[in-house]
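Here is the structure we will look at.
Values quoted throughout were computed directly from the atomic coordinates according to the rules given, and no laboratory measurement underlies them. Quick caveat, the model's predicted, so the values are computed rather than measured. Using ideal geometry, Cβ is built from the backbone for each residue, glycine included, and neighbour counts are taken over all protein chains shown.
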């Protein structure tokens, strides 16, 4: 189980879903850990991912690039440290890949979050050459965001391996009731899981 996990936007539940999948992988007997190469504003997400893997590796190994400002690295680069370079992430990732059979890599922000004037989070996924899972928050607007994200993933030569449909809260709007089935009709990417409010685990298919 090796995937890059992105979302249709920030705040869609990427870390929550990545932690669920990490725990599920380990429960199924895999050596799954979750990585977050770039993190902004707080390392709370990193600690959640570390706990999901039973604290097997330090936070600094999970997250080699940390930016204190709660904004895009593009903004941080302009104010503090210069443009973000993603090339140093390649040996970091390969070292983990050489030690594990199952890696989940969570992006920061959405698929095209700017890292510099020339690079986005999508370039990190391309660097790692992993199939991509997209976390979709069930809310108004997610159809357009999801379809654009899938299109952009494929345009970069990567596989969009599945969608994870995340119900952030109970809702009775027409959009929230119909988004999942509309996505199934509008695209050929499978919905692998639907996460319900309060859900704390998922089961991996073993067949």
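Annotations for the structure displayed:
- The calculated 222 nm mean residue ellipticity attributable to helices in the chain amounts to -11000 deg cm²/dmol, summing -39500 (n - 2.57) over DSSP H runs of n ≥ 4 and dividing by all residues.
- Taking 0.36 nm per residue of separation and subtracting the current Cα-Cα distance, fully stretching the chain between residue 2 and residue 129 would add 44.7 nm.
- Here residue 59 and residue 205 are evaluated by their C-beta separation; at R0 = 30 Å the FRET efficiency comes out at 0.45.
- Remark: spin-label model distance residue 87-residue 69 equals 2.4 nm, labels positioned 7 Å along the Cα→Cβ axis.
- In a fully extended conformation the segment linking residue 97 and residue 42 would gain 17.3 nm over its present Cα-Cα distance, using 0.36 nm per residue.
- Correct option for log10 I(q)/I(0) by the Debye sum over Cα atoms at q = 0.13, 0.19 Å⁻¹ [calculated from the coordinates] among [x] -1.02, -1.26; [y] -0.84, -1.42; [z] -0.70, -1.48: [z]
- Using a Förster distance of 30 Å, the FRET efficiency for residue 184-residue 27 (Cβ separation, nearest 0.05): 0.65
- Residue separation of residue 177 and residue 117 scaled by 0.36 nm, minus their Cα-Cα distance, works out to 17.7 nm of gained length.
- Spin-label pair residue 169/residue 148, simplified geometry with 7 Å Cα→Cβ offset, distance in nm: 2.3 nm
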